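To start, the structure under review is shown below, and the notes come after it.
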Amino acid sequence: MSQQKFKAGQGGPGAGPNRHGFRKPKNIGKTLLRMFKYFKKNVGLLTIALLMVVFSSLAGVAGNYLLKPIINNLDTGIGSIVKDDLTDVALQAAKSRIMESLVGSLAVMAAIYALGAIFSYFSSRIMVSIAQRTTNTIRSELFNKLQKLPIGYFDSTPNGSIMSSFTNDMDNVGMALEQSLSQTITSLFTVVATFIMMLVLSPLLTVIVVLMLFIMLKIVKTIGGNSAKYFREQQKSLGDVDGYIEEMVEGQKVIKVFNHEQAACKEFSKRNEDLKHAATNAQTFAGLIMPIMGNLSYFHYAITAVAGAIMIVNPGNWAIFAAMDLGTLASFLQFTRSFSQPITQISNQINVLLSALAGAERIFEIIDVEPEENNGTVRLSAKGGGLAWKIPEQEDLVPLKGDVRFNNVTFSYVKDQVVLRNVSLYAKPGQKIAFVGSTGAGKTTITNLINRFYEVQEGTITYDGINVQDIDKNDLRRTMGIVLQDVHLFKGTIRENIRYGKLDATDNEIERAAKIANAHSFISRLPDGYDTMLTADGTNLSQGQRQLISIARAAVSDPPVLILDEATSSIDTRTERMIEKGMDSLMSGRTTFVIAHRLSTVRNADAIMVLEKGEIIERGTHEDLLELKGRYYSLYTGKIELS
Ligand SMILES: Nc1ncnc2c1ncn2[C@@H]1O[C@H](COP(=O)(O)OP(=O)(O)O)[C@@H](O)[C@H]1O
Ligand SMILES: [Mg+2]
C-alpha cells in the first residue's frame, strides 16, 4: 500500500507508474495467458472477488439512482400538503406518512451503499491474498531458476537487471493484482453503468455532459502534454542523482584516497540543482492541473444544473427529449460528479497494468532461460568405506580416484574468440599440477572446465576415465574442493561459512579444516572465535583472512580433487610459508590443480604448465623447466615479470 502511494506520488500526468520509466509489454496476449495460469488454483476465489467488485460498483450506481424516487416522493408529498386544505390531525398524519416513507427509502439507500462497501472490502481482501499467493509462487519460481542458470548467463546479464526483476518487476505485478485490476474493473463498470443511467434519466443533459467532458479533457491534455516533458526531465535528473550517489557510496575509499571529496560535492550539487529545476517545473504543472480540473468540474456541474433547472421550469419545450423533474435532476447531477473520475482512473490504472505486464514478461524471460544442462547419468555411490562411480548398465563400479585428463581441449566463451587451444594434460591421482602464466592466459578457464561451469567445444575432459559430460554435475562438483579466485563469503558466522563445504561437518571437522588452512589461529584470536558474524562478503576480515577461510571451506569436504585458483595471492609470504605445511598436508593424497602468482609456491609440483594465450608452451618439473632456459626460466630468474 505504502509503495503504491510512494509511486503514485511520483506520478502525475504523463509520468510512468515507476521511476524506471514506462516500458510497454511486447506480447500482451501471451503474457496475460501465462499470468492466468498462476490463477488456476485460485480461479474460484478470483471469480468471487471480481463479481463482488462488479456488484459494489453497481451498488454505487443504484444508490445514486435512488435519489430520484426519494426526492420526487418528497416533492409530491409536500405538494399535496400545501394543495389540500387539511385539518390539523390530517396534516400531522400526512407529515408522519412522508417522514416514514422518507426514512424507509433512505434506509434502503443506506443498505445498498453499505452492501457496496462490504463487497468492496471483501473483494479487496481476497485480491490481496490472491496477489500475495501469486507473487510468492512466481518469486520462488524465479529464485529456484536462478540456482539452475548456467554460469554463462551471469556473464551476459548484469546483476542489477536480475535484481530489478526481483524488486521492481515483482512489485509492479503485485501492485497490479492487489489494486489496479479491481480498480480498473470498478471504474469500467461505473462508467458504463453511469452512462446508461444518465441516458435513461435525460439524453439531452447527457449530451451536454459528454460535450463538456470532451472540452475538459482537451484542456487537460494541452496542459498535460507540456507537463509530460517536464516529468520526463524530472525522471532523468532523479536517475542521474541516484546513480551518482550509488557510485560515490561504492567508491568512498577511492574518493578519499585521491582527495576527491570536494569535487564530488561540487558535481553532486550541480546534479542536485538540475533535479530541483526539473522537479519544480514538473510539480508546478502537476499543482496546476488539480485546481484547473476542480474549477472546470464545478463550472461543468453548474452548467448542467442550470440546464436541468431550465428544463424543469419550462417542461413543454423539452418534452420530446424527456420529462425533467427535481428528483431526476438531483440524481443526474450525482452521476455527473462520479462520471469523469473513473475515466481518469482507468487511464492511470491501465498504465500500471501495462507496466506490470512488462515486468511479468521480464520475469518469465528469466524463468524461460534454458537451465544449466545436467545430462550426466554417471552417479556417485558408496562402495565399502569409499565412493565410486556408478555407470548406468554397467555392473562394476569405477573407484573414485581423482584422475583428470584433458584431450585436445579447445574452448571459447564467445564464439570465434578462442581462449584455450588444443590443451592436453593429465593429472594422475595424487599429483599436483601447477599453472603459471600471465593474467588472461586461460588458467582460471581450465579450472572452469574441470568443474563444468562451461562445456568444452572440442576435445574431451575425462575424470577417472569417464567423460565429465556424462557425470552428474552435482556429484562431479561434490568430489572437488574449489577455492575460487574471487573469494565469496556469505553473511553468517565463520563456522557456518566453513561448513558450506560440507553441510554435515561436525565442529571438530571444521576446526581441523581451519587448522589445515592455518585459519585456526586468527579465528581463535577473534572475540567470538568461530561464532564471529561475517558481514556479507566478509568485509570485516582482511582479504588474506578471507582466503584462509575459503581454503578451510574447500578442505572440510575432504575431496579427492582440489582446485586452488590464486588461493594465496593476498596472503603475505611469511604467513604463506607458515601455511605451506598445512597446504602440503591438505594436498597430499589428492589431485591438486594450483594456480599461483608466486612461483615459489609451485616449485614442488609434479608438473608445471606454462600457459600463454591459451596454449601450454612449456611443461615439466621445476628442474626440467629451469634447464630448458625458456619462459619459465626467465620468469623464475626475474628476467621477465608476470603481468
Ligand atoms: N566469462 C567470460 N566470458 C568471456 N570471456 C572470458 C570470461 N572469463 C574469462 N574470459 C577471457 O578468457 C581469457 C582467459 O581468462 P582467464 O582464464 O580468467 O585467465 P587467467 O585466469 O589466466 O588470468 C581472458 O582473455 C578473458 O578475458
Ligand atoms: Mg584467473
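Going toward the positive end of the dipole of the chain, with +1 on Lys and Arg Cβ and -1 on Asp and Glu Cβ, which of Q417, L67, I303 do you reach last? Toward the positive end, the furthest listed residue is I303.
Accessible surface of the range 487-558, 1.4 Å probe: 49 percent of it comes from carbon and sulfur atoms.
Per residue, the chain exposes 54 Å² of accessible surface when a 1.4 Å probe is rolled over the protein heavy atoms with every protein chain present.
Each peptide in 215-223, 540-548 gets a packing score, the mean of other Cβ atoms within 10 Å over its residues, and the list from highest to lowest is 540-548, 215-223. Sort out for me the Cα centre separation of the range 447-488 from the range 505-521, rounded to whole Å. Their Cα centres are 26 Å away from one another. Each Cα pair under 8 Å and six or more residues apart adds its sequence gap; the mean of these over the residue count of the range 487-558 is a relative contact order of 54 percent.
What fraction of the DSSP beta bridges in the chain is antiparallel, stated in percent and rounded to the nearest 5? Roughly 60 percent of the DSSP beta bridges within the chain come out antiparallel.
Checked against a 23 Å cut-off, the cross-linked pairs K30/K415; K443/K515; K473/K515; K145/K415; K229/K270 give Cα-Cα distances beyond that limit for K30/K415; K443/K515; K473/K515; K145/K415.
Placing +1 on each Lys and Arg Cβ and -1 on each Asp and Glu Cβ, with no other charges, gives the range 487-558 a dipole about its Cα centre of roughly 180 debye.
Look at the alpha carbon pairs under 8 Å that are at least 6 residues apart: their mean separation over the length of the range 392-514 gives a relative contact order of 23 percent. Taking the Kirkwood radius as Rh and the Cα radius of gyration as Rg, the range 377-430 has a ratio of Rg/Rh equal to 1.16. Here the peptides 161-172, 366-377, 331-342 are ranked by packing, the mean other Cβ count within 10 Å, and the order with the highest first is 331-342, 161-172, 366-377. Counting only protein heavy atoms and a probe of 1.4 Å, the accessible surface of the range 203-323 is 67% carbon and sulfur.
Between their Cα atoms, which of K148/K253; K502/K581; K401/K502; K383/K502 are more than 30 Å away from each other? Violating the 30 Å Cα-Cα cut-off are K148/K253.
Counting only whole DSSP H helices of the chain, the ones at least 15 Å long by C-alpha along their axis and with mean Kyte-Doolittle hydropathy no lower than 1.0 are 43-83, 181-201. Basic side chains Lys and Arg get +1 at the Cβ, acidic Asp and Glu get -1 at the Cβ, and with that the dipole of the chain about its Cα centre reaches some 720 debye.
Rounded to the nearest 0.05, what FRET efficiency is calculated for R478 and V254 with R0 set to 35 Å and r the Cβ-Cβ distance? That gives a FRET efficiency of 0.30. In percent, rounded to a whole number, the relative contact order of the chain is 14, using alpha-carbon pairs under 8 Å and six or more apart.
The values are calculated or read from the model by the stated rules, or taken from the named source; none is laboratory data. These figures come from a predicted structure and were not determined experimentally. Cβ atoms come from the backbone with ideal geometry, glycine included; neighbour counts cover every protein chain shown. These accessible areas exclude ligands, DNA and RNA; they are computed on the full protein's heavy atoms, side chains included. Shrake-Rupley method; radii C 1.70, N 1.55, O 1.52, S 1.80 Å.
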